[in-house]
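Everything below concerns the one structure shown next.
Values in this text are rule-based calculations from the coordinates and carry no lab data. Not measured: the values here are computed from a predicted model. Reconstructed Cβ throughout: ideal geometry from the backbone, glycine too, with neighbour counts over all protein chains shown.
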Amino acid sequence: MVHGYRLYWKMVGDPGPNGTVVLLHGGPGATHDYLLAFSDLARHGYRLIYYDQLGCGRSELARDIREYSIDRDVEDLEELRRNLSLESFHLIGSSYGGLLAIAYALAHPSPLRTLISASGLADVPLTSREMQRLKRELPPPLPEVLDRYEAKAEYQHPEYLAAVMEFYRRHLCRLPEWPKEVSYTLDHLSIPKYGTMNGPNEFTITGTIRDYNATPRLHEIEVPTLVTTGRYDEVTPVVAESIHREIRGSKLVRFEESSHTAFWEERPRYMETVRAFLAEHP
């Protein structure tokens, strides 16, 4: 139990010489499944711990949507860490999970051995502006279609959803056939949490996180940090660079053939990049 709720978690790999890696999924409201590519690390002496955040996937829904917040997710992670007796660990956060990882590092830095922001963000308004730019750069008539239905708040109209999917295929995952884990996560998105904290879709951020910006505090993070992004990422390289600039000594790697899920799109190179970084900080 974590703060009165059952949270689903699972472990991949045995405790090994290289320690434990905790994975934070995005959304907010996704499931851990799309991160399972990171299980490749288990073959190299790492134990991986995945979990579904409150209100997500196989974990319990909150009894009150006001419980869905960044602060609550941070404290749930800290409580889970204590329950699992993790004295130190590597932390990888994807997308919103990257934002959550940064928030955790600011609140509870001492257990962290390393921090990896995998297409993560710290400044939601900047991220939103960049996504709007990507939306405007879609081929016609897609920008006009998106604008038309957003003006009427008709986010479930089939024509609108088709345009959103085109955005996702360019900026979420560019593989011609999506991994089943990615599709599962999108099919099981927690609408109560996603709608409360984010909004109707990836580039329409109208929820409670819309004004969140941790950039002024990033200089406080001293844990070794790796920032990754994809050339076509919906959380654009501009966002990744804004994190890299502020975290002293951080490393930035851009994957030229990828969008938001480089750990699937360029899986071998991505995992080798992560392994090399983790090996620098045993």
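Using only Cα atoms, find the angle between the long axis of helix 142-151 and the longest principal axis of the chain, and express it within 0 to 90 degrees, rounded to the nearest 10.
That helix lies at roughly 90 degrees to the long axis.
Just how many % of Cα pairs in the stretch 135-282 lie over 25 Å apart, if you round to the nearest whole percent? Could the numbers behind the result be given before it?
Details: 4312 of 10878 pairs.
Within the stretch 135-282, distances greater than 25 Å cover 40 percent of Cα pairs.
What FRET efficiency would be calculated for the residue pair Glu137, Arg66, taking the C-beta separation as r and a Förster radius of 35 Å, to the nearest 0.05?
0.45
What percent of all Cα-Cα pairs in the chain falls into each 5 Å bin, going from 0 up to the bin containing the maximum distance?
P(r) over the chain, rounded to whole percents: 1, 6, 13, 18, 20, 18, 13, 7, 3, 1, 0, 0.
Once the cut-off is 16 Å, how many percent of the Cα-Cα pairs in the stretch 108-210 end up in the long-distance tail?
Tail of the P(r) past 16 Å holds 66 percent of the pairs.
Could you put Leu24, Leu86 in order, starting from the residue whose Cβ has the fewest other Cβ atoms within 10 Å?
Fewest-to-most ranking of Leu24, Leu86: Leu86, Leu24.
Going by how many other Cβ atoms sit within 10 Å of their own, how do Leu23, Leu252, Leu99 line up, fewest first?
Taking fewest neighbouring Cβ atoms as first place, the list is Leu252, Leu23, Leu99.
For each of His244, His219, His32, count neighbouring Cβ atoms within 10 Å of the residue's Cβ, then give the residues from fewest to most.
His219, His244, His32
On C-alpha positions alone, give me the angle between the axis of helix 70-83 and the longest principal axis of the chain, in degrees, nearest 10.
Taking the Cα atoms of the chain, the angle to 70-83 is about 30 degrees.
For the stretch 69-139, what's the radius of gyration and Dmax over Cα atoms, in angstrom?
For the stretch 69-139, the Cα-based Rg and Dmax read 14.7, 51 Å.
Relative to the longest principal axis of the chain, what angle (0 to 90°, nearest 10) does the C-alpha long axis of helix 124-136 take?
With both axes taken from Cα atoms, the answer is about 40 degrees.
Mind giving me the FRET efficiency for Leu161 and Arg231? R0 is 25 Å, r the Cβ-Cβ distance, nearest 0.05 is fine.
0.45
Could you tell me which GluC sites (Glu not before Pro) in the stretch 186-282 are loop residues by DSSP with no more than 11 other beta carbons within 10 angstrom of their beta carbon?
Glu256, Glu280
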